[in-house]
Structures are given as C-alpha cells and as structure tokens.
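Here the structure is laid out as structure tokens; the discussion comes afterwards.
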Amino acid sequence: MKEPKQLSVSAIENGTVIDHIPASALFKVIQILGLDKISNQITFGTNLESKKLGQKAIIKLEGIFFEDDDINRIALVAPEAKLNIIRAYEVVDKNVVKVPDQITGIAKCFNPKCITNFEPVTTRFKVVSKKDVALKCHYCEKITDQEHLVIL
Amino acid sequence: MKNKSLVSIDDLSTDEMVSILDLAEKFEKEPSQRLLEDSVIATLFFEPSTRTRLSFESAISRLGGKIIGFTDASSSSVTKGESLNDTIRTVNNYCDLIVMRHPVEGSARLASEIADVPVVNAGDGANQHPTQTMLDLYSIRKTQKSLDNLNIFLVGDLKYGRTVHSLLMAMSRWNTTFNFISPDELKMPVEYKLYLDSLGLKYYEHSDFTDIIKEADVIYMTRVQKERFSDPIEYEKVKNVYVLRNHMLRDTKENLKVLHPLPRVNEIHRDVDVNTKSYYFQQALNGVYTRQAILTRLLDLK
Ligand SMILES: [Zn+2]
C-alpha cells in the first residue's frame, strides 16, 4: 500500500502561527500584515470550527517572527488572536495581541466631513478606549467607536 | 511655544494660554506695533466668514503686515479641483504664516503638517476655532479679573455649538462651575459631562431659562438654529424660550457679563444692548488683540 501523501504544510519548523482569527477577518489580517507581498511559505486555513468565534481562521508563517508593534496592528480586526512561536517544530512561546495606543492607517474615520475622507492622507488615531475600541481621529478629533469602525 | 501652529485649543498648555492673554493685554494698551512690517500673512478662506476674516486682517494691519489670500473658494484655484495639499504647498512659498478657514474638519491639522510656516486655524468645519476660544478667555479674564472660581452659564445650542465645547474644555483647566441651559434636544453631549466628572468639576443642567442666572458670573449665549431640530414643532416650542431680555438681568450679580460669539439673531433681545452687563461687542474687539498676540507669538516676535 502506498502511504497517503502528507500535505507539506501541516506543521512549520520555525515561525509563527496566528490562531483565533475571526474567519470574516482573515483577508483583513492578510492585508494589514502585507502577507500578499512576501515570498515566505504561508498556509491559511479558514472556516474552521471554533467554540469561541463560531468560524475561525488560522495562519501559519514559515520563517516569520513579528515585532509586537507590527502584530498588534491586527488587534482591531482580530482582538482574540493568539500567537504561537515555533522553533524546531515546538511551540516555544505564546502571545496574545494587544490594542496599541496609536493606530496609523488601517481604520477609516467615520466622520464624513473629515479631511481624511477627502484628501489622500493616511489616517491616524489615538486609542481612547481599548475594551470597546474607540479611536480619536488625529485630524477631525471625532471619535470612531467599535460600531462605526471600518477597516481600510 | 512647543507647537509652531495653532490648530486646536488643546495645542496650548495652560501657561501658554495665560502668556498669550498677558500679551494680548499689552496689545490692548498699544494696538499699533509694527512687528509684522517685514512679514506677509496669507489669509485663506475656503469658505466665507466675514467677521473672522476682518478681525484677523485688522490684527495683521495694526501690526504693519501685508496680507495675501482669498475670501472664498470660488475665487481661487480650489474650485478647479486643486487639492488642499497643493494649495498649501504653493501658498507656503509666498508667506510667513497661514491663517486658514475651511469647511472640512481636520483640514487645518493637515495643512500644519504640510506647511513649513505656522498655520493658524480660523475654523475647520464643526471642529475647532481656537482664536475664538482665546478671545472668549480674554474677555472673561478681563471682566472678571481672574479665570478662577467662576460660575459660567452656557445657554442655547449646547449639542452642536463648537464654541461652547471649546470654551468648556479651556475653562475646565481652572476651577470653574458650569450651568448648562438648553432645550432637551440640544443638551451638552455626555462626553463633556464625563470629562468634567473626571476632573471633579461641578455642573448643573437646566431646561428652563429662569432666575437661576442670578448666580452667574458669565452668561455665554448661543444661537438655537431651526435646522438642528428633526421636528419643526419642537423648534417652534423652544425658539422664544432661550432668549435673553433686559428685565431678566435685574437681580443678577454686579460683575455679570453677557457674552456671545456673534452674529446673533434673536437670542439676545436688543433691549439688552444698553445694559452695562452686555459685553458681546467689546468681546469681538478683544478678538483683534488676542489675534495680534497669537500671530506675533507664533512668529517668535513676542
Ligand atoms: Zn477624522
């Protein structure tokens, strides 16, 4: 009997696994982290069952380790995301994402009269609340809350 | 100053505010000082605002400065679709400081990041109008001799009124008691009340404009505009309720002054104008001294 072919993507040797991404946010996470622009081996799984999230997604990145500041950028779309840091096929560290104090780009200001919705300018926000995310626009000074949050 | 531009009243520390008010006092004593003799100031009014523009131009003229600019966007390249970025980069080459008014919120902050010269925000939509706030503070300090321990009554449209929100934020740096008088539809937004709570400052809300004002040191009147009401009947009900009449000032405090950012419609009856407690026209004049102080401070001339 021939052994069934194993997928070469099931485990990674060195790198990062991002778990507990809401399935609906997978493509936002890919975009925010710029994963469509790098040549490393990356595996995506989506619409996986999750007790917590209903449908979750998972990303396995071979040879990639994130700085906190970089990975925290996904906190707006995947606040429950968990990171497993892999070395030699073993989980050597676990991490959770944290909403950062400042957000550059990523989110859209909900205020239709804000200059960022008229001119090609990168949005900037101060995070005024982390639990129920509330972002104060650096330009118009209005607050965008979770309910009105739109990811660019 | 830490910031070379003045975009938001929050850009100023309390010390910087006080220092600008002190400087404005000197300009009141001696308004004609040729400090801007060698300077060119651009006044860019992307939307018309005659009062604000005249006040700035008066301040610049009394300082001997030259003015370039436009008075509304229809007479400028903006109507041809030029971006704010390009307009500011161009004008930046021709002047030492930019005064700008623009209907889009956050436009002045963006301009201040694009320009090499200081930018003074003369109003960006419903967001900020810091020179108005500074002239309000000047008027309050001048008439009350201090900014400490005052009881300030804000009357009218407290929901959308940019000037009352900025004034509240500025006066909350001192030990101020606030009284809010407004129709239910136009109450002070909850975030400002939470902010006062966090500072431990007292405030009281009223829907009736009654003899409660006898406790006031300052009454700051604003316009209740018809277009703010979803139901026109609600407007009809309140439109004559938040109107100040001379007889209402009878038993008020000696030191009371009535302020208004102008223009008024009917919210202050003309019979108040003769009362020595009315202060809104002097308040407008104070805008010139305050703007002289802000311009010379931003240019490091004073
Ligand atoms: Zn904004």
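The values are calculated or read from the model by the stated rules, or taken from the named source; none is laboratory data. None of these values were measured; they are calculated from a predicted model. Ideal geometry is used to build each Cβ from the backbone, glycine not excepted, and the neighbour counts take in all protein chains shown. Areas reflect the complete protein model, heavy atoms only, side chains present, ligands, DNA and RNA absent. Shrake-Rupley method; radii C 1.70, N 1.55, O 1.52, S 1.80 Å.
When restricted to residues that are buried (at least 18 other Cβ atoms within 10 Å of the Cβ), within 11 Å of chain B (Cβ to nearest Cβ) and part of a strand (DSSP E or B), the range A:99-133 contains 2. The residues listed here are A:I85, A:I38; of these, the one that is surrounded by 16 or more Cβ atoms within 10 Å (Cβ to Cβ), more than 16 Å from the ligand (Cβ to nearest atom) and hydrophobic (A, V, I, L, M, F, W, C) is A:I85. B:E191 satisfies every condition listed in (1) surrounded by fewer than 16 Cβ atoms within 10 Å (Cβ to Cβ); (2) within 14 Å of another protein chain (Cβ to nearest Cβ); (3) under 21 Å from B:M134 (Cβ atoms) except (3). Residues that are of a type in the set (S, T, N, Q), more than 9 Å from chain A (Cβ to nearest Cβ) and buried (at least 17 other Cβ atoms within 10 Å of the Cβ) within the range B:93-114 comprise just one, B:S112. Scanning the range B:27-41 finds one or more residues that are touching a residue at least 12 places away in the same chain (Cβ under 8 Å) and under 20 Å from the mean Cα position of the chain (by Cα). Within the option set B:S112, B:S139, being among the hydroxyl-bearing types (S, T, Y) and within 16 Å of the ligand (Cβ to nearest atom) holds for one residue only, B:S112. The single residue among B:V258, B:V243, B:V238, B:V274 that is touching a residue at least 24 places away in the same chain (Cβ under 8 Å) and either loosely packed, with under 15 Cβ neighbours inside 10 Å or among the polar types (S, T, N, Q) (or both) turns out to be B:V274. Evaluated against (1) hydroxyl-bearing (S, T, Y); (2) open to solvent by 30 Å² or more (accessible area, probe 1.4 Å); (3) more than 11 Å from chain A (Cβ to nearest Cβ), B:S83 falls short on exactly one condition, (3). Out of B:D208, B:D251, B:D231, one residue alone is assigned by TED's automatic domain parsing to the domain that holds B:T276, exposed (fewer than 14 other Cβ atoms within 10 Å of the Cβ) and without any contact (Cβ under 8 Å) to a residue 12 or more places away in the chain. It is B:D231.
The requirement of being more than 14 Å from chain B (Cβ to nearest Cβ), in a loop (DSSP other than H, G, I, E, B) and either open to solvent by less than 70 Å² (accessible area, probe 1.4 Å) or closer than 25 Å to B:G123 by Cα (or both) is fulfilled nowhere in the range A:135-142; no residue meets it.
Checked across the range B:202-220, the condition of being within 20 Å of B:H129 (Cα to Cα), in a strand (DSSP E or B), within 19 Å of the chain's Cα centre (by Cα) and not aliphatic (A, V, I, L, M) holds for at least one residue. Determine, yes or no, whether A:K130 is outside the structural domain of A:K52 (by TED's automatic domain parsing) and away from the ligand (no atom under 16 Å from the Cβ). Taking the combined requirement at face value, the residue satisfies it.
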